[in-house]
Each structure stands twice: as structure tokens, then as C-alpha cells.
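Chemist: This structure is in C-alpha cells; I'll ask about it shortly.
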Amino acid sequence: MNSDQILNLVAMLFYMCCVIGIGVFFAKRANKSSNDYFLGGRSLGPWVTAMSAEASDMSGWLLMGLPGVAYWCGIADAMWTAIGLAVGTYINWLVVARRLRRYSAVAGDAITLPDFFSARFREKKKIIMTVAALFILIFFTVYAASCFVTCGKLFSALFGANYQAMMVLGALFVILYTFLGGFLAESASDFMQAIVMISALSMVLILGTVSAGGLGAVLENAKSIDGFWNFFATATPVVNADGIQQVVEGAPQFGAATPYAAMSIISCMAWGLGYFGMPQVLLRFMAIRNEKELPFSRRIATVWVVISLFAAVMVGVIGRALYPTELSLLTKGGAENIFIVLSQGLLPALFAGIVMAGILAATISSSDSYLLIAASAMSKNIYQGLINKKASDKQVMWVTRGVLIAISLIGILIALDEDSVIFQVVSFAWAGFGATFGPLMLFSLFWKRTTQAGALAGMLTGGVMVFVWKLLISKAGGIFAVYELFPAFVLSCLAIVVVSLLTPAPSAEICADFEQARSKVEIAE
């Protein structure tokens with residue numbers, strides 16, 4: 001290990017110690033009860049609510065996946081996705097946040113998403129709760145795997161170490177941290193990590209632009225590649241049989257640009273629909289101490305997202321200007337290392353280590369959220385809700401930790417493949433949550449006629465269709481190659497409406513809950 005690598009490591013170890021310190025600080029309070037562990041006693045302030053929601057949502061793909069897409073094939077895919085996410089963020093905070101905060105308290109003081117859906121429909125057999133918990137387990141295990149892939153790629157690229165060993169080491173750190181402090185520690189550290197992430201992106205963006213000769217030089221290079229700087233076309237890297245981009249006389253080779261069809265734009269913009277079903281974001285809405293603080297949180301979250309997404313896309317564009325033939329970047333998966341390469345090339349080793357902590361920050365902030373929510377779905381909703389209804393808080397906490405380990409082990413197995421593309425892994429899990437819970441959340445909050453049968457039909461239709469569309473229908477190509485979130489979301493909405501209208505109207509008690517939540521929201525506004 002050379003001196004630069006040692007300085008990188010020192011900076012990252014310092015950061016990791018700070019994160020563990022936060023976990024230790026909140027450990028005593030978090031372990032008082034499951035309510036404190038899973039939702040922090042609904043005590044989050046507006047800054048922590050906003051920043052932790054966005055940091056836990058964006059994960060390592062913001063600093064590796066999104067720049068990698070822009071580096072590999074230009075701005076179209078990356079920028080349309082960023083636009084969809086920015087719009088989705090704003091609408092979610094504007095439309096869903098306040099009513100969910102109020103309704104979750106009205107509906108049995110729910111502390112998990114399956115709890116809320118179950119209480120919303122006053123179900124006795126807990127079918128919705130069970131199905132919701134199982135979907136959370138499935139998709140968050142995939143999500144956690146994407147975070148472990150990020151850890152493995154980061155440490156492997158930095159220190160030249162074995163990918164699998166580094167991935168397991170990163171996973172163990174995340175597990176330890178999540179064990180300690182629960183939701184409060186997770187939210188507090190996510191606040192810090194959101195600051196590190198946006199600072200790291202901004203720093204690399206500014207220094208990279210200067211090093212490349214200014215914004216004009218960056219844009220000139222991008223425009224010289226057919227389709228690279230075009231919202232309606234994508235660049236086409238020429239690759240060999242091993243997927244490595246060909247380089248001739250020091251220049252990376254590109255074929256003719258590929259036209260960017262309307263369905264491709266819809267696919268990217270559809271990412272915004274995912275926000276309505278993201279448990280890690282929705283839980284922050286439920287946990288804020290006062291819904292009157294949500295408008296302030298919305299403004300913070302929107303500004304953070306717009307700056308971070310734009311910077312991430314431009315980092316990929318700048319990378320093409322500065323490192324067009326870097327061997328480690330010349331595959332689709334390798335392109336996701338562009339942020340690491342830029343940081344090491346532009347910054348002194350110690351500062352590069354701090355910037356690398358930005359990737360670690362993004363990964364930790366997401367993976368601890370995913371593990372905690374998945375574990376709560378199993379322990380609180382399935383174990384205590386179905387298997388052992390008299391389980392004590394202490395028993396629930398022990399089951400939670402056991403589930404954490406089990407999910408992590410499965411995630412590690414999924415992440416063993418070094419060639420995994422972070423962006424693709426995240427896109428599938430994002431579609432799963434968006435289609436499974438997004439339509440159900442919107443209809444639960446805003447359509448009183450939604451029935452328990454309709455809710456179940458919508459959830460199953462959305463969740464199953466993500467798999468069917470991705471693995472079967474999309475293979476037909478053409479209009480069927482659209483991102484699976486969009487058709488699954490639409491079909492889930494249709495299922496909710498049709499089945500709700502074909503089944504008996506909700507009971508008077510359910511309607512009374514709905515009216516109570518709505519009237520209080522209207523008064524607050």
C-alpha cells in the first residue's frame with residue numbers, strides 16, 4: 001500500500017469512526033422500544049427529515065451508477081432519469097408527505113409501511129400486511145446487494161484488493177452500524193452523509209471542469225462524440241467480445257448515435273413514479289415531529305436533489321474529457337468508477353479519501369435504511385403480527401437482529417458477481433417498490449372508495465408485473481422494452497380501481513378514519 005492509499009484509508013477510517021459514534025450515541029434511546037428503534041418516536045426535525053430521506057434514497061448509485069451511465073453513452077439516459085427523479089421528489093413531498101404523516105397516526109399509530117396499509121383497511125387477517133412485508137423483504141434484499149456491490153467496487157478500486165473480500169468487509173460494517181442505533185442513528189448519520197455527498201459531487205464537478213479547460217472545452221469534447229451531448233440520441237461505444245470499448249490511436253471508438261425514442265424518455269421519466277412507493281422516504285414523512293414543518297423540508301429536499309443529480313450527470317461528462325481511455329473505465333460496469341478516478345486524479349490523497357467517504361456515505365445511508373426496514377417488516381409485521389402476537393418488545397428486537405443478519409447474507413451472495421452493474425440492480429428494485437406500493441399509497445391516501453380487496457389486487461399486480469415485464473415481456477423489444485416500472489404502475493392502478501368498484505364499499509369506520517385524516521390535513525394547510 002503506497003502513501004496515497006494510506007492517506008485515503010486514514011480519511012475514510014476517520015469518517016467511519018464518526019458514523020459509528022453516532023450509532024453508539026443513539027443506541028440507548030433506540031433500544032428503549034421498537035417504536036424508537038423503527039421510527040425514532042416521530043421526533044425528526046425538518047432538516048434531518050429532508051436530508052436523511054434523500055441520502056437514504058439516492059445510495060451509491062448517485063455517485064457511481066448515474067455518472068457511469070453519462071460517461072458510457074452520454075447524457076440522454078442519465079439526464080432524463082435525473083429529471084424524472086427531481087420531479088418525482090417534489091411531487092411526493094408536496095402531495096403525499098403531510099397526509100401520510102397525519103393518516104399514519106390516525107391509523108393505529110403505524111410505525112412501518114405494512115402496519116399503515118393494514119391499519120388503513122382495518123384488516124383482521126393481516127393479509128395486506130403479510131404480502132407487503134414479503135415484498136419489502138424481496139426488494140430490499142436486492143437493494144442491499146446493490147449497496148454491497150458499491151462497497152466492493154469502491155475499496156477494490158482504491159486499494160487494488162480482492163473485490164469479494166472488500167464487499168464482505170463493507171457489508172459487515174453496515175450490519176454493525178445498523179445493529180447499534182436503529183432509525184434515529186440512521187437518520188442522524190444520513191443527514192451528515194447528505195452533506196458529504198453533495199459536497200463531494202460539487203467539489204469534483206468544479207475541479208474537473210477547471211482541469212478540463214473550462215466548461216467550453218468539456219462541452220466541445222462531448223459534442224464531438226456522435227449522440228453524446230443529445231437529449232434525443234445516445235452514443236454507441238464500439239466494444240469487443242469481452243465488452244471492452246475499443247481504442248484506436250489513443251481515441252475511444254464510437255459508432256453512429258442511436259436515436260432516443262419516446263418510449264425511452266417515458267422509461268427514464270418513469271423513475272419519478274417510484275418515489276410514491278419508496279419505504280425509506282415514506283417512513284421519513286411518518287417520522288417528522290410536526291407536519292407543519294414539511295413544506296420547509298420539501299424545499300430543502302428539492303434543492304438537494306436538483307443540485308446532486310445535475311452534478312452527478314456532469315461528472316460523467318467531464319470524465320469523458322479527462323479520462324477517455326482509462327482502462328478501468330472502458331466497460332459498462334467499469335464506467336461506474338469514473339467518480340473514483342476523477343477524485344484520485346484531481347485531489348490530494350487526504351482530500352480524495354474524504355471525497356471517497358462520499359461514496360461510502362451514500363452506500364451506508366441507503367443500506368442501513370434497507371436492512372432496517374426489511375428487518376422490521378419481518379419482525380414487527382410477520383413475527384409479532386402473525387406468528388407470536390404476544391411477543392414482547394425485547395423478543396421483537398432479537399428477531400429483528402436475526403433477520404438483519406439473514407438478509408445481509410443473502411445480499412452478500414447476490415453481490416458476489418464483480419461484473420454487477422449498480423444502476424441496473426437499483427433500477428429493478430426501484431421498479432419493484434414503485435409499482436408495488438406507489439399506486440396503493442396514492443389511492444389509500446386520496447380515494448375513500450379503495451377497498452381491502454382492491455388494495456391487495458393492486459399490490460400483487462404491481463409487484464408480480466415487475467418480474468413478468470422485466471423477465472418476459474420486455475424481451476419482445478419495441479414498445480415493450482419500456483422500463484418495467486411504468487406498465488406495472490399503470491396496471492396496479494387499474495387493478496385497484498376495478499377490484500374496488502367490484503367489491504363492497506369500505507366500512508363506516510374506515511371511511512371515518514379517512515375523513516379524520518383528510519380534515520386535519522386541510523386544517524393544517
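Chemist: Given +1 on the Cβ of Lys and Arg, -1 on the Cβ of Asp and Glu, and no further charges, what dipole in debye does the range 399-525 carry about its Cα centre, rounded to the nearest 20?
Modeler: In total the dipole reaches around 240 debye.
Chemist: Taking the Cα-to-Cβ direction at I206 and at K292 and moving 7 Å from each Cα, how far apart do the two end points lie in nm?
Modeler: For I206 paired with K292, the spin-label model returns 3.7 nm.
Chemist: Further question: Please determine, in degrees from 0 to 90 and to the nearest 10, the orientation of helix 3-30 with respect to the longest principal axis defined by the Cα atoms of the chain, where the helix direction is its Cα long axis.
Modeler: Tilt of helix 3-30: around 10 degrees.
Chemist: Next question, about the same structure. Nothing charged except the Cβ atoms of Lys and Arg (+1) and of Asp and Glu (-1): what's the magnitude of the dipole of the chain about its Cα centre? Round to the nearest 20 debye.
Modeler: Dipole of the chain, to the nearest 20 debye: 1960 debye.
Chemist: Counting only heavy atoms of protein chains, what accessible area per residue, in Å², does the chain have with a probe of 1.4 Å?
Modeler: Computed with neighbouring chains in place, this is 36 Å² per residue.
Chemist: Still on this model: Using a 1.4 angstrom probe on the protein heavy atoms only, could you order T258, T461, T141 from most to least accessible area?
Modeler: Correct descending sequence by accessible area is T258, T461, T141.
Chemist: Taking θ as phi - 60°, what are the ³J(HN,Hα) couplings along the range 453-467 by the Karplus curve (6.51, -1.76, 1.60), each to the nearest whole Hz, with x for Gly and Pro?
Modeler: These are the phi-based 3J(HN,Hα) values: 5, x, 4, 5, 4, x, 5, 5, 4, x, x, 5, 5, 4, 5 Hz.
Chemist: Tilt of helix 97-106 relative to the longest C-alpha principal axis of the chain, in degrees (0 to 90, nearest 10)?
Modeler: Roughly 30 degrees, rounded to the nearest 10.
Chemist: In the range 223-312, what trypsin sites (Lys or Arg not before Pro) fall in a loop by DSSP, with at most 16 other Cβ atoms inside 10 Å?
Modeler: R289
Chemist: If you average the sequence gap of Cα pairs under 8 Å that are 6 or more apart and divide by the length of the chain, what percent do you get for the contact order?
Modeler: Relative CO of the chain lands at 30 percent.
Chemist: Using the Karplus curve 6.51 cos²θ - 1.76 cosθ + 1.60 with θ = phi - 60°, what ³J(HN,Hα) values do you get for each residue of the range 128-133, in whole Hz, with x for Gly and Pro?
Modeler: Taking θ as phi minus 60°, the curve returns 4, 4, 5, 5, 4, 5 Hz for the range 128-133.
Chemist: Using a Förster distance of 56 Å, how high is the FRET efficiency between K448 and L176, based on the Cβ-Cβ distance and rounded to 0.05?
Modeler: 0.80
Chemist: Quick one: Karplus J couplings for the range 213-223, per residue in order, coefficients 6.51, -1.76, 1.60, θ = phi - 60°, nearest Hz, x for Gly and Pro?
Modeler: Couplings: x, x, 4, x, 5, 4, 5, 4, 5, 5, 6 Hz.
Chemist: Can you pick out the pairs among K292/K380; K448/K470; K126/K292; K125/K389; K153/K223 whose Cα atoms lie more than 23 Å from each other?
Modeler: Where the Cα-Cα span goes over 23 Å, the pairs concerned are K292/K380; K448/K470; K126/K292; K153/K223.
Chemist: Continuing with this model, one more query. Would you work out which of L445, I387, G434 lies farthest towards the positive end of the dipole of the range 385-525, given +1 charges on the beta-carbon of Lys and Arg and -1 on that of Asp and Glu, about the Cα centre?
Modeler: Of the candidates, I387 comes out farthest on the positive side.
Chemist: Would you mind working out the magnitude of the charge dipole of the range 87-126 relative to its Cα centre, with +1 at each Lys and Arg C-beta and -1 at each Asp and Glu C-beta, to the nearest 20 Debye?
Modeler: 160
Chemist: How would D419, D77, D109 rank on accessible area, largest to smallest, probe 1.4 Å?
Modeler: Per-residue accessible area, sorted high to low, gives D419, D109, D77.
Chemist: I've got another one for you. Taking amide H positions as placed in the peptide plane 1.01 Å from N, state which residues far from V239 in sequence (5 or more) or on other chains have amide H under 5 Å from it.
Modeler: Q246
Chemist: Given the options S519, F159, L346, identify the residue whose Cα lies farthest towards the positive end of the charge dipole of the chain (+1 on Cβ of Lys, Arg; -1 on Cβ of Asp, Glu).
Modeler: S519
Chemist: Near the amide H of A233, under 5 Å away, which other amide H atoms are found, from residues 5 or more places off or on another chain, if H is placed in the peptide plane?
Modeler: Amide H to amide H, under 5 Å and 5 or more residues apart or across chains, A233 pairs with Y260.
The values are calculated or read from the model by the stated rules, or taken from the named source; none is laboratory data. Here the structure is a predicted model, which means the values were calculated and not measured. Cβ atoms come from the backbone with ideal geometry, glycine included; neighbour counts cover every protein chain shown. These area figures cover heavy atoms from the full protein model, side chains too; ligands, DNA and RNA do not enter into them. Shrake-Rupley method; radii C 1.70, N 1.55, O 1.52, S 1.80 Å.
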